[in-house]
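Comments concern the structure below.
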Amino acid sequence: MERSVVAPAPRRRGKAAWTLLLLAPVCGELTFSAVGMPIMWLVFPVLIPMYGAGVLLVRELVVRAGGGWPSVIVMGLVYELAEDGFGLQALTSTTMYNADEWGLRILGFNATYWETQAGYHIVFSVMIPIVITDLLFPELKRRTYLRRRGLVGISLTALAGLALARVTFSATEDPGYRAPIGFSIGLVIVMVILSFVALRVLPGRLPRSGPLTPASGTHRTPAVIVVGPVAGVATLVFLCLLFPRGNPPEGPALGDGALVYLSMTAAATVAVAVSILIHRWSRSSDWTDRHQIWLVGGALIGHTAAMVLMVLIDPPGTLTTIAAVTTGTLVIIVTAALLTRLSGRVRGPARHDVTTPATISGHE
């Protein structure tokens, strides 16, 4: 017999939307880039339209399509391509973030930079903020936050965020640069194809359970105290293999020549291996919300620690180094404290969804 689903109050939907809107730039930028570049704290409002609205749009489109984490991951890649390809233009620029020096550059495409940013944004700008919001608003986990007018509004805000990034960050760091027209057209085609796959092909063809959603299985999940360190170490290794040191960053991270290919391959291997491991764990029936919380917490702490380590390896100056280490330490402490508090609010196994495709279509 089907379980009835009571429509959540509009106020709860609004709170969830605003939570995700703010969490995306916090997780994506303030807990990482702002450690090494304190100025990021001052431009936080500028980040909300691009990060917040963009990630909220990704989440709403996936939910309306009836997709799960596979769809979120693919749409997260679309988000990254839009940000770095059109907003910042760093995928082809030779000046923006010195992206062409990060390693491999193929036919004008900054391949090492792209690998770094794709992995980073899919996890920290998209997946983790959605996971945390789901944990804070479990009754809305498979439901839309916005109605149609809100969806239109957030879409326009996301486009405005890209334009804002173009006229602020891109115009400041690489004034006058325009990505090649052929590249831009090709990028649009790739984004359309990926969106079609995420919103039309994957829903219904892959199980909704994914890397961070429970499912029945026979594998045993490790203790919560194990999950966090695994996520933290994996994050630290991935970022240190690819991210150059310094501000502005200069690369490649480990050296020239074959070392670039080695570091890119090693980083991709770490990402794939940990993803498979997490997927295996999450298939267990004893996978809980606390495992999700500390998986997220380990990754967040790991990426902040990575930035602190990069600053210490290549100190930008005494005062800046002290500020970065102090800020990074505080961010880690606050992150751990907030996630500990969130962990105390959840009990028992991770919540299984009781909604059906009809109840998440937004036509309520």
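Brief remarks follow.
- Considering only residues in segment 95-106 that are free of Cβ contacts under 8 Å to residues at least 60 places away in the same chain and either open to solvent by less than 10 Å² (accessible area, probe 1.4 Å) or of a type outside the set (D, E, K, R) (or both), the one that is nearest to A24 (Cα to Cα) turns out to be A99.
- Total residues in segment 181-192 satisfying the condition of being among the small types (G, A, S) and open to solvent by less than 40 Å² (accessible area, probe 1.4 Å): the figure is 2.
- Residues of segment 261-292 that are open to solvent by less than 20 Å² (accessible area, probe 1.4 Å) and more than 19 Å from A234 (Cα to Cα): S284, W287, D289.
- Condition check for G76 on (1) assigned to a helix (DSSP H, G or I); (2) buried (at least 20 other Cβ atoms within 10 Å of the Cβ); (3) touching a residue at least 60 places away in the same chain (Cβ under 8 Å): one failure, at (3).
- Matching residues, segment 154-173, being farther than 19 Å from V78 by Cα and surrounded by fewer than 19 Cβ atoms within 10 Å (Cβ to Cβ): V167, T168, A171, T172, E173
- Matching residues in segment 46-56 - criterion: being surrounded by fewer than 23 Cβ atoms within 10 Å (Cβ to Cβ) and over 25 Å from T235 (Cβ atoms): V46, P49
- Selection status of V126, touching a Lys or Arg at 6+ places or on another chain (Cβ under 9 Å), of a type in the set (A, V, I, L, M, F, W, C) and either farther than 24 Å from S275 by Cβ or assigned to a helix (DSSP H, G or I) (or both): yes
- Checked against (1) at pLDDT 90 or above; (2) assigned to a helix (DSSP H, G or I); (3) open to solvent by 80 Å² or more (accessible area, probe 1.4 Å), R178 meets all criteria but (2).
- Members of segment 304-321 found to be of a type outside the set (V, I, T) and open to solvent by 20 Å² or more (accessible area, probe 1.4 Å), listed by number: A305, M307, L309, L312, D314, P315, P316, G317, L319
- Yes/no for L151 being more than 20 Å from the chain's Cα centre (by Cα), within 22 Å of L194 (Cα to Cα), assigned to a helix (DSSP H, G or I) and free of Cβ contacts under 8 Å to residues at least 60 places away in the same chain: no
Listed here are the residues, each with its yes/no results for (1) in contact (Cβ under 8 Å) with a residue 60 or more places away in the chain; (2) assigned to a loop (DSSP other than H, G, I, E, B); (3) over 25 Å from P70 (Cα atoms).
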| site | (1), (2), (3) |
| --- | --- |
| L259 | no, no, yes |
| S263 | yes, no, yes |
| A268 | yes, no, no |
| W294 | yes, no, no |
| A305 | yes, no, yes |
| T321 | no, no, yes |
| A324 | yes, no, yes |
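- Which numbered condition S284 misses (of (1) assigned to a helix (DSSP H, G or I); (2) over 22 Å from L242 (Cα atoms)): (1)
- Among helices (runs of 4 or more DSSP H) entirely within segment 6-45, having at least 1 residues that are of a type outside the set (D, E, K, R) and loosely packed, with under 15 Cβ neighbours inside 10 Å singles out 10-25, 39-42.
The values are calculated or read from the model by the stated rules, or taken from the named source; none is laboratory data. Every value quoted in this text rests on a predicted model; they were computed, and no experiment measured them. As a convention, Cβ positions derive from the backbone with ideal geometry for all residues, glycine included, and neighbour counts pool all protein chains shown. Only protein heavy atoms, including side chains, enter the accessible area calculation; ligands, DNA and RNA are left aside. Shrake-Rupley method; radii C 1.70, N 1.55, O 1.52, S 1.80 Å.
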